[in-house]
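Undergrad: Pasting in a structure now, in structure tokens, and then I'll have a few things to ask.
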Amino acid sequence: DVYFITEKFKDYGELSDQRIEDLQIGASNRTASEDDAKKRNPLDFALWKSAKPNEISWNSPWGKGRPGWHIECSVMATKHLGDTIDIHGGGADLEFPHHTNEIAQSEAKTGKTFANYWMHNGFVNIDNVKMSKSLGNFITVHDALKTLDGQVLRFFFATQHYRKPINFTEKAVRDAETNLKYLKNTYEQPFTGTVD
């Protein structure tokens, strides 16, 4: 296995406004594993994983294996978008460790800023519960449009802050519908006053 030594990247944790000394081990909600014994620091992350039996693998200078999760994203981004990309986004849960690790390995390789702007969106909740396929409370926009007007759905999302959790409830959507109708009705009213 090949690991990135996080302590050697001076700005590690800057995206999430944390210092490496303050970062909590296990913040990614994974438990300690046998891989942790191979690392100098539990915050170090895999660049290359050695092959396990019956696992897809490729040859490398370090033997058969596969790229680490973070490497895959950095390679795709820099290959198709260049060493510095304008905007990088994703869910708030990716800020640390995934995007933090992408920055470290990409900037260590290129010496350039990896992304000029980071946009992390809040989660979508369904009736105050995080939307998740595993919970069965998952709805796509395509499915929502079967019962909701597209303008109402757009208005609902446009009135939410992208970084905050969005609570998708029947009442919230109906409120958006009422507010949109009010705006439309107000706009369509003829202006009858006089103006100097």
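Undergrad: Could you list, in sequence order, all residues of the range 51-82 that are open to solvent by 50 Å² or more (accessible area, probe 1.4 Å) and touching a residue at least 12 places away in the same chain (Cβ under 8 Å)?
TA: Across the range 51-82, the qualifying residues are Trp62, Lys64, Arg66, Trp69.
Undergrad: Sticking with this one: Run down Thr140, Thr159, Thr110 and say which single residue is β-branched (Val, Ile, Thr) and farther than 30 Å from Thr178 by Cα.
TA: The conditions single out Thr110.
Undergrad: Just checking, does the range 56-77 include any residue being closer than 29 Å to His161 by Cβ and in contact with a strand residue (DSSP E or B) (Cβ under 7 Å, 6 or more places away or on another chain)?
TA: Within the range 56-77, one or more residues are closer than 29 Å to His161 by Cβ and in contact with a strand residue (DSSP E or B) (Cβ under 7 Å, 6 or more places away or on another chain).
Undergrad: Looking at the range 83-103, is at least one residue open to solvent by 50 Å² or more (accessible area, probe 1.4 Å) and either touching a residue at least 40 places away in the same chain (Cβ under 8 Å) or in contact with a helix residue (DSSP H, G or I) (Cβ under 6 Å, 6 or more places away or on another chain) (or both)?
TA: yes
Undergrad: Here's something else I'd like to know. Kindly evaluate Phe114 against the criterion of being within 22 Å of Phe9 (Cα to Cα) and surrounded by 15 or more Cβ atoms within 10 Å (Cβ to Cβ).
TA: Answer is yes for this residue.
Undergrad: Which of the residues belonging to the range 44-59 are in contact with a Gly (Cβ under 7 Å, 6 or more places away or on another chain) and of a type in the set (Lys, Arg)?
TA: Within the range 44-59, Lys49 is the sole residue that qualifies.
Undergrad: Which pairs do you get when a residue that is more than 18 Å from Asp93 (Cβ to Cβ), found in the range 121-146, comes within reach of a residue that is in a loop (DSSP other than H, G, I, E, B), reach meaning Cβ atoms under 9 angstrom, with the pair 6+ apart or on two chains?
TA: So the pair list comes out as Asp127/Asn137; Asp127/Thr169; Ile139/Met131.
Undergrad: Next question, about the same structure. Which one of the conditions (1) assigned to a helix (DSSP H, G or I); (2) farther than 26 Å from Lys52 by Cα; (3) of a type outside the set (S, T, N, Q); (4) under 12 Å from the mean Cα position of the chain (by Cα) does Pro97 fail to meet, given that it meets all the rest?
TA: (2)
The values are calculated or read from the model by the stated rules, or taken from the named source; none is laboratory data. Please read all numbers here as calculations on a predicted model, not as lab measurements. Here the Cβ is made from the backbone with ideal geometry for all residues, glycine too, and neighbour counts use every protein chain on show. Ligands, DNA and RNA are excluded from the accessible area calculation, which covers all protein heavy atoms including side chains. Shrake-Rupley method; radii C 1.70, N 1.55, O 1.52, S 1.80 Å.
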